[in-house]
Every structure is written in C-alpha cells, then in structure tokens.
Amino acid sequence: MRSHWKWPCRLLVVVMLGGGAAAGAAPGLPADGVYRLENQCGHRVLEVQGGAAQAEAALQLGRWRSQPHQRWRLERLPDGDWRLTAQHSELVLDGAGAAFRQGAWTELASQRVLLQPLGDGWVRLVSRHSGLALGAATDADGAEAQSQALSADCSQAWRLVSVEAAGTPADLRIVRGQGQVAPVNTRLPVAPMVRVVDNNGVAVVGVSVRFRVVDGGGTITGAFATTNGEGNARLGSWTLGPVAGRQRLSVSTPGLAEAVIQATALSDGARLEAPEANDHQMAPAGAALPRPAVALVRDANGRPVSGVAVTFTPSDGGSIGQGTVLSGADGRAHAGTWRLGPGQGPQTLDVRATGYASTQLEATALPAGAPTLVRDVYMRNVFEVWDMAFAPGGVMLYTERGRGLWARLPGGAQRRLFAPADLVSATNSGMLGLALDPEFGLNRRVYVFMASSAGGGRDNRVVRLRVKPDWSGVDSRKDIVTGIPFQNKVGLVGQHSGGALAFVGKELLISTGDLRDGPVPQNPRSLGGKVLRVDREGRASAAGQAPAGADARIWVQGLRNGQGLAVQPGTRRPYLIEHGSGNNDEVTPLRAGNGGWDPRPRPLGSPDALCPSGQALSYCGYAGTPMTDTGLYPGALRPAWRSGLPARGTGGGGFVTGAAWKAWAGALVIGQMSGRRLLVLQLADGGNAVSAVTPLLEGLNVRLRNVEQGPDGALYVSTSSDNNQSNVRTQVWRLAPVGGQ
C-alpha cells in the first residue's frame, strides 16, 4: 500500500504565480533547465508512454533510465507561469483532460503549469486551466499521470532533479555479443549490439552505425543500424565463416574509435591457445622478442594434445624460428624466436593446426631506441586499484576505491591495513590517492585521500596513518586536511573528486576535483578544482603562494579532475595528469597559478550567460568549455601534452628511470581508461612539451588506470572495470624492460 506524504506541522504558504507576478522564481522553485520529474511515492519519474513522439501521447510513471522521453525542459513564461516540454518530442505537458498528456504548444491555459513549493525541495504541479494537480493512481511502473484534486498525498509531490542532455557521441561500447564460440558456418545465438554514449555516459539517439566482417569470411544481416532510444544499435545476425579460429566484426561510426567484436569458430571444440606470458610482447621494429613463440594444443575438453603439427606464420615481414613444430606431451608447441618486421605498430603471428580452431600471438613493434618489454600479471582478483606505492623491503601498498588501503607482501600475501567505517565509496570517490612519507623508513607514515562521512556530513580529506611494523594494520590516524568538497547531488554523487597525492621534498601536493559544479574551480574559498600544497601536518606551504584572497593551502586553482600527480626525478618538478572533458585530457607542469578551467556560462555573471555550445546550463564542462581557457586567463598554466578530440579518460601516471628503459628513460607513462592503453610521453623543451608519444597494450582492450615504477625498475599498471565498479575483479600488471636484441 502506498504511504502518504505529510507536510510539516507548521503554517504552509502556497505561492500561486499568475498573470502580473513579479519577475524571478519564488523561493524553493527551480531555475530553467532540463530535469527529471521524480515522484515522492516510489521515486518513479514522469515519462511519455512508450517514448511516443506524437501529440496526445499519454504520460505515466517509470523507473529512471536516463532516456530522452524521461527528460523535461522547464521554462518560466513571462507572466510567471511555467511550461514543461518533453525533450525527445518538443511537445508540452497538457492537463486539459482527466489524464495529463503531451501536446503541441498553443499557449492554452491547460499547457501552463503553476509550481507550488511544498518544502524540502518538493513541489506540486497544478494546471492553470483546471486547478488540478499532476499525480498518479499508484506508485508502480506504468501508472497513469492523472489530474487530481489538491491533496497532501505523496503522489502529488514532485522533485525536479537537474540532468544534462545527451551531448556529442564520445564512446562506442560493446553491449553484448563479444567472445562467443560456435562451430564454423553457424549463426551465433546472440546478435552483437553496441551503444553510443556521450562523455557523461548518456545514451545518444539517432547515430548511424556500420557492422562489417573483417576476418573469417562470415556473413551478416542488418549491417547498417541506427541507435535507438537507449543508444543501442543491433546487428541483424552474424553467421561465422568456414575457417576455424578467431573471426572478427568491425563496428564503426564517424568520429569515434572503431570497436571490434570477436568470436571463435570451432571444428569439434578442439583449439589452439596463446599462453598469456608469451602474448603481447613489445620490442623495437626488427628486433627479436625475448620470449619464444608458443601455442597450447587442447582437445574439446581442454586437455593437452601431443604430436599435433602446428604452423606459425608471421605477418608484417617478421620471421619465426620454426614454421611448423609438433606439440609435446604438455600440448605446447615451441616455434622458437619471433623476430618482428620492419614497420612500427601491431604485428601478428597466425597459429594453425588441421582440425583445431586457430589463434594468433600479438606483439607491438616499437620505435628505434625503445626498450624490449614483457607483461605479466602481478596480482589477480583485486578490486579497482586506484593508486600504488612501494615501501622498503619489496612491499607494495595500494588503494582499492571501495575497500581501503592494502599491502602486498613480497611472498604474495595481501593484507588490508585500513578500511574505516567512515569510508564513503561512490563513482569517482572513495579511497583514492596514496603517498609514502619521505621519511617512511623512520616514521612509517602513509597518506591517503579518501571520502569520509565523519562528523555526519560527507567530504573528501587527507588522512595520515602509521603502518604497523608487521604490516597487520595501522596504529594511528590523523586527518590533516578536511573539508575538501564532495559532490552530494542526486545523480552526481561522488563525481569529480580528483584525489591524487605526491610529495615534493617534504611538502605534500593534493589534487582535488571540480565536483561537476561550475563555480567551484575558480572559487578561491573552495578547495575543489585545485592543487593544494601543505606540510606533513596539513598546514599551508611556507612558500605562501596562494592566490589573493584564497585559502592559504591553495597552490593552483582552475582545474577539472586531476587524477594523477607525477614528480619528475632530478628536477622534482610536479606534473598534473588531468582527466578531461569531451575535448582534451592534459598533462601540465605545475607552478603556482591558474589552470584555466572555468566551466561557468559566459559572459561570467550575466543573466543571459550561455555555455560555449550555446546551451543554457550551470555547468558547461561538457558543453564546449576549453580545458585551458587562455582567453579568460591569459596567464594560465600551459599543458605539455593534450589528448585532442576526443578525450580518452586519462587517469594516473609516473616517470620511468634506469638504463633498461633506453631512450624512454625520463619519459612519463600515463594510463587511459576509455582509451584502453598506456601512452609513453617523451618530454622536450625542458619538460614543457612532448616530442614523441607511443601507445602500449592497445590490443588487450582493457581500461588502464594508474602506473607506478617499482624498485625493480618495472612498471606496475592497475586495470579498471567499466564505470569503476568496486565489486568487479581487476588486476595489476608488471611491465618490465628486458635485454633486447
């Protein structure tokens, strides 16, 4: 049974806005914008039935799915009434009958709405024509939106929650159909489907998508599709070709990176496999890979098969030690040394055997002077590792966003050190950045950036801990910086917290995010959208370089969402690795000043201000704001590197040192999530520019978040789940330079 909402036990003054009302919204009323209308009974939202776009279509309640037919544009009319327009159809809310519907705007009284504030952010919507309220018979999905006499029932209480319209397509995601296995010449049971979303993850409707067979000789139907109301485009069908082994389907749409859907065609279930340790090696073009080319021969039950003739065929001008070799008792076929061809980029080694599904070994040919690299899985079954740091004795400390601070001991044992009851985990927030005290060997102090509910509210803060000598936990805690803002708005909770930490000498740098709140980055009294510079007690840096009138701890303001801080060895110059908006990720050498990020509408302070895209939004972070606005801020810090369009979800990174890294010694390596790769940035011009960019690990199609060089000289790379899910298993990889030829 539906519960009933009751007004507070005090005098309620209802403001009825009619003709001749004073300009400006009454207290408690929202501003013009795009909203979802959430009902207090069951928290369903108002939507157009079936997503229909024709006039007279009925309105109902449904679960929020961020669909266009659930989004309403609120506009205040000159006489003080309001108009609500369905975003997908451009038809307005009409209360002429017993049930509310949508209709073409004719300026009738039935299409004009009065908003009556009910307190605590709730309002009642009343038809100017009938004086009846918008309500629902029940709080279930599909409940009809009715005209009801005014009452205190919860069905008439609505909350308008601001949402952003779907923007420019930014990512093409595989929704289903990846990795299927079926006999050759067989139609796959699941038709592949992809989704097009903007930088906010909102589905984009009406985008043309093309499917195309690129390997295996199969056939498809419905090769051209258009994204539907959920942003999805579905292939008609995919019938595998006659060749056993890997078969591939390309999915593309103009302006976005291609997606590749793979399937495996089997003869009788027997197959060849590429061992993980021998796959995805990297070496300069023309060089030999350090690990031999190996394939595993398996029968339909996964058991090794000996005596099978396996053929290895290199592509791209490479060579192989033995073109054909018999599998041994363990099912392994060793082809010897694989030498890469002369061209840079991905190269493959086709592996085939009669009666077995084929496979490929993949490698990357790097530029001359680059090191030879091998990849191993260092840790499995971890959960969204956000940051890593190495302590003396080979112990790796790491944070899991939703599960706290951990230590991996040299033997492989993992121990949770710190997961307090006040830890808050949401979207981009939780246990994030990690830094060891410069004198850790003496004081065993560790610093973490975390979201906290201590004190009743929620904020981001930096906490100093002392780790026990036996790595069983921590024995002290001091919250040295509190009050870093946390985003609490419905639909945005925990977004854009930043959260990187790094020491420069004995001073701690702290990057904070803009919360997706327009005024925050340039507000000198807010700690959001900044880099703070403090001592080990959380006090402002003795250098005193804060902007005029600002909190003394602020060193750089005007930043978006810095998720990485890396300090250049030797110079001790810090670099901010900034997760960008739709147009740019950036890496910026830091000094005291302004980063030039200002996502407020322009001109600043004008009642007619608009975003650069022309939209009327309070946060222009996805609506054309440049990452570094040198027009508004001529003295803004200049980035050494920009991703260009589109941004690729850059997370953290670190510098690599040591002779084993050859020409890359001193380079900055950064991780990308939507880009699903590492980038090696070789610096020039005194560290103010990048002379070369080399991608790594693209073929694995895995989101890569952060990078840390270990005491052994290898890079440790944390992987990330889609949408940063803290309950999805991820990994940490070890990427090591070895003696190449």
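Read-outs: derived from the displayed coordinates by stated rules, not from any lab. All figures in this text were calculated on a predicted structure; none of them were measured in a lab. So basically every Cβ, Gly included, is an ideal-geometry build from the backbone, and we count neighbours across all protein chains shown.
Below are the figures for this structure:
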| item | result |
| --- | --- |
| Nearby aspartates and glutamates by direct alpha-carbon distance to residue 530 (threshold 20 angstrom, same-chain neighbours under 8 apart not counted) | 387, 459, 479, 507, 514, 517, 551, 578, 585, 586, 598, 629 |
| Debye log10 I(q)/I(0) for segment 95-157, one point scatterer per Cα, at q = 0.15, 0.17, 0.19, 0.23 Å⁻¹ | -0.44, -0.56, -0.69, -0.96 |
| Exposure proxy order (Cβ contacts within 10 Å, fewest to most) of 64, 641, 105 | 105, 64, 641 |
| Semi-axes of the equivalent ellipsoid for the chain, Cα gyration tensor, largest first, Å | 49, 36, 23 |
| Taking N as its residue count, the alpha carbon Rg of segment 615-654 over 2.2 N^0.38 Å | 1.40 |
| Order by protection proxy (mean Cβ within 10 Å, highest first), peptides 45-52, 576-583 | 576-583, 45-52 |
| Range of Cα positions in segment 271-368 per principal axis (Å), largest first | 43, 20, 19 |
| Long-range Cα-Cα pairs in segment 479-564 (distance over 18 Å), rounded percent | 37 |
| Net charge over other residues, Cβ less than 10 angstrom from the Cβ of residue 587 (K, R count +1; D, E count -1) | -2 |
| Size descriptor, Kirkwood hydrodynamic radius, that averages inverse alpha-carbon separations across segment 242-291, Å | 14.3 |
| Burial ranking of peptide ranges 448-458, 403-413 (average Cβ count within 10 Å, highest at the top) | 448-458, 403-413 |
| Solvent-free Debye scattering, log10 I(q)/I(0), computed from the Cα coordinates of segment 549-598 at q = 0.30, 0.31 Å⁻¹ | -1.22, -1.26 |
| Rg in Å to one decimal, and Dmax rounded to a whole Å, for segment 641-741 via C-alpha atoms | 13.8, 43 |
| Efficiency of FRET from Cβ geometry, residue 413 and residue 453, R₀ 45 Å, rounded to 0.05 | 0.90 |
| Förster radius 30 Å - calculated FRET efficiency between residue 728 and residue 237 (Cβ-Cβ, nearest 0.05) | 0.50 |
| Zero-based 5 Å bins, Cα pair distances in segment 525-621, whole percents | 3, 12, 19, 20, 19, 13, 8, 4, 2, 0 |
| Rg/Rg_ref, segment 631-690, where Rg_ref = 2.2 N^0.38 Å and atoms are Cα | 1.29 |
| Kirkwood-type radius of segment 33-162, with distances r between different C-alpha atoms, in Å | 14.1 |
| DSSP-defined antiparallel bridges as percent of all bridges, the chain, nearest 5 | 95 |
| Separation of the residue 291 and residue 258 label points, Cα + 7 Å toward Cβ, nm | 2.7 |
| Distance histogram for segment 382-662 (every C-alpha pair counted, 10 angstrom bins, percent rounded to whole numbers) | 7, 30, 36, 20, 6, 1, 0 |
| Around residue 232: net Lys/Arg minus Asp/Glu count, Cβ-Cβ under 10 Å | +3 |
| Shape parameters for segment 217-275, alpha-carbon atoms, Rg then Dmax in Å | 14.2, 42 |
| Segment 476-536-segment 614-660 distance, computed between alpha-carbon centres (Å) | 18 |
| Kirkwood Rh, Cα atoms: Rg over Rh of segment 171-266 | 0.99 |
| Within segment 473-530, trypsin sites (Lys or Arg not before Pro) in DSSP loop having at most 15 other beta-carbon neighbours inside 10 Å | 489, 506, 525 |
